[in-house]
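Worksheet: the structure to be examined is printed underneath.
The values are calculated or read from the model by the stated rules, or taken from the named source; none is laboratory data. It should be emphasised that the depicted structure is a prediction, and the values quoted were computed from it without experimental measurement. With ideal geometry, Cβ positions are generated from the backbone for all residues, glycine too; neighbour counts draw on all protein chains shown.
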Amino acid sequence: MNILVINAGSSSLKYQLIDMTTETARAKGNVERIGLEGSVLKHQYNGGDKVEIQEDVQDHLAAFKLVIRAITDPEYGVISDISEISAIGHRMVNGGERFIDPVLLTDEIIETMKAEVIEFAPLHNPGAIMGMEACRKLMPDTPMVVVVDTEFFKTLPDYAYMYGLPYDVYEQYKIRRYGAHGTSHKYVSLRAAEIMGKAPKDLKLITCHLGNGSSISAVKYGKAIDTSMGFTPLEGLIMGTRSGDLDPAIVTYLMEKKSMSPAEMNDYLNKESGILGVSGVSSDLRDVEDAANAGNKRAQLAINMLCYRAKKYIGSYMAALDGVDAIIFTAGIGENNATVRKCICDGLDNMGIKLDETKNKVRGKEAFINADDSRTKIIVVPTNEELMIARETKAIVGA
Ligand code: ADP
């Protein structure tokens, strides 16, 4: 059984064709710059061979046609006909309180999404919906499922997802914590349990998704009970270009001082702040580390801030969970950056968290990196959101 996973944004369409018998990707890639000059499809097949197709791609329908052409191409395709695709799984970032569980896609559902959920992820949802429409147009008889990233956080208790604002803004505008990266937190928490040889229902886990966007979640007995991202992905850790937590009074203060509109302030906090804003170097931690190693103090400060705040979240989630069995690191930084993992875990010996510096040298693969006498396991688990979406899609289509 092959499942095609689609992750469409405003100007990009990522895909992965997954063979569910082996749970491996037969092909994957990305159509970049949809509707812009210089659009290109980057396609990977046979576990590593690559091809790039430069072509004018006007819209999501053209992008999806190009994807189908690539995966069925006689030379670099992996199937001979679209009938070999049993189902399509679509990623959606946030469906508010209206769409939470994976749902079988119909035209009616697309219409409801257009009317009711765009505002919960204005940058992502319109692209995702265009991706769904394109797939339905081209493959109307193939079952499709929408998997919403925030599904994993539906188990948060109300005292964790509510903000200390007048209750009516929750009722009227649905302002609450939704979290983000849920599919990743779900995948790594399940996978960590598997490699620990335990059932999720017996474990208390803290999952750290540290990438361009970063979030930390507390997972108690298989259910998320808290997460650092909030109403939007701006809350929580210091990220590549996002500020993360700050005193909300700063927002209105700065808007007055710098005469910024709400849209400008939104961009300032989402695109100009975080690691980039503090370091003045880059949003990519590799560049920031190079600068810090060359003596740039602000670059070092940005790294210290990232680690310190992650440490504080881990501490607070240990309190929320009443202890922790394992801390899991994933995503670009979590999987690859030993220095950051060490910096986060340093000084937590008394809380039962002890890293082994030799084991910590690992990059991009599953590994236990805790010292033998550490009460808490520390595990690197590369994330696989596409596989998680494919599994959920298979479950719905199968049912
Ligand atoms: P996104 O959130 O956009 O998916 P990633 O999860 O790839 O991003 O995370 C990007 C961050 O991860 C960057 O700060 C980058 O420095 C870091 N990163 C990604 N790959 C590596 C690598 N191979 N080695 C070290 N750092 C990496």
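Are any of the residues in the range 130-144 assigned to a helix (DSSP H, G or I), touching a Ser or Thr at 6+ places or on another chain (Cβ under 6 Å) and under 28 Å from Met239 (Cα atoms)? First the steps, then the outcome.
Our first condition is that a residue be assigned to a helix (DSSP H, G or I); within the range 130-144, this holds for 130-138.
Imposing the further condition that a residue be touching a Ser or Thr at 6+ places or on another chain (Cβ under 6 Å) reduces the set to none.
Checked the range 130-144: no residue is assigned to a helix (DSSP H, G or I), touching a Ser or Thr at 6+ places or on another chain (Cβ under 6 Å) and under 28 Å from Met239 (Cα atoms).
Residue under question is Asn293, and the condition is that it be of a type in the set (S, T, N, Q) and over 23 Å from the mean Cα position of the chain (by Cα); does it hold? Taking the combined requirement at face value, the residue satisfies it. Is there a residue being crowded, with 17+ Cβ neighbours inside 10 Å, at pLDDT 95 or above and outside any helix (DSSP H, G or I) anywhere in the range 304-312? No, every residue in the range 304-312 fails to be crowded, with 17+ Cβ neighbours inside 10 Å, at pLDDT 95 or above and outside any helix (DSSP H, G or I).
Only one entry of Leu123, Leu165 meets the criterion of being among the aliphatic types (A, V, I, L, M), exposed (fewer than 15 other Cβ atoms within 10 Å of the Cβ) and under 16 Å from Ser12 (Cβ atoms), and that entry is Leu123. Is it the case that Val288 is assigned to a helix (DSSP H, G or I) and either touching a residue at least 40 places away in the same chain (Cβ under 8 Å) or more than 14 Å from the ligand (Cβ to nearest atom) (or both)? Here the answer is no, as Val288 does not meet what is asked. Of the residues making up the range 192-211, those that are assigned to a loop (DSSP other than H, G, I, E, B) and within 16 Å of the ligand (Cβ to nearest atom) number 1.
For the range 355-376, what are the residues that are surrounded by 20 or more Cβ atoms within 10 Å (Cβ to Cβ) and in contact (Cβ under 8 Å) with a residue 24 or more places away in the chain? Scanning the range 355-376 gives Ile369, Thr376.
Residues being out of contact with any Lys or Arg (no Cβ under 9 Å at 6 or more places or on another chain), touching a residue at least 60 places away in the same chain (Cβ under 8 Å), more than 16 Å from the ligand (Cβ to nearest atom) and of a type outside the set (A, V, I, L, M, F, W, C) are represented in the range 298-315 by at least one member.
Return yes when Ala160 is in contact with an Asp or Glu (Cβ under 8 Å, 6 or more places away or on another chain) and in a helix (DSSP H, G or I) and no when it is not. So Ala160 passes the test. Sort out which residues of the range 340-367 are in a helix (DSSP H, G or I), within 14 Å of the ligand (Cβ to nearest atom) and farther than 17 Å from Ile314 by Cβ, and write them in order of number. Passing the criteria: only Lys361. For Thr393, the criteria (1) within 16 Å of the ligand (Cβ to nearest atom); (2) farther than 21 Å from Gly211 by Cβ; (3) not aliphatic (A, V, I, L, M) hold in every case but one, which is (1).
In a loop (DSSP other than H, G, I, E, B), over 25 Å from the mean Cα position of the chain (by Cα) and either hydrophobic (A, V, I, L, M, F, W, C) or surrounded by fewer than 21 Cβ atoms within 10 Å (Cβ to Cβ) (or both): which single residue out of Ile53, Ile79, Ile34 fits that description? Steps first, answer last, please.
On the way: Ile53 fails: in a loop (DSSP other than H, G, I, E, B); Ile34 fails: over 25 Å from the mean Cα position of the chain (by Cα).
Only one candidate qualifies: Ile79.
If you scan the range 316-339, which residues turn out to be within 15 Å of the ligand (Cβ to nearest atom), on the phi < 0 side of the Ramachandran plot and not acidic (Asp, Glu)? Full working, then the answer.
Let us first name the residues in the range 316-339 that are within 15 Å of the ligand (Cβ to nearest atom), namely 328-339.
Keeping just the survivors that are on the phi < 0 side of the Ramachandran plot gives 328-330, 332-339.
Hits for the range 316-339 are Ile328, Phe329, Thr330, Gly332, Ile333, Gly334, Asn336, Asn337, Ala338, Thr339.
The single condition among (1) at pLDDT 95 or above; (2) among the polar types (S, T, N, Q); (3) within 25 Å of the chain's Cα centre (by Cα); (4) in a helix (DSSP H, G or I) that Asn270 does not meet is (1).
Across the range 200-250, the qualifying residues are those that are touching a Gly at 6+ places or on another chain (Cβ under 7 Å) and of a type in the set (D, E, K, R), and the one among them that is surrounded by the most Cβ atoms within 10 Å (Cβ to Cβ) is Arg242.
Listed here are the residues, each with its yes/no results for (1) touching a Leu at 6+ places or on another chain (Cβ under 8 Å); (2) at pLDDT 95 or above; (3) aromatic (Phe, Trp, Tyr); (4) within 29 Å of Ser189 (Cβ to Cβ).
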| residue | (1), (2), (3), (4) |
| --- | --- |
| Ser83 | no, yes, no, no |
| Gly95 | no, no, no, yes |
| Pro122 | no, no, no, yes |
| Glu133 | yes, yes, no, no |
| Thr142 | no, yes, no, no |
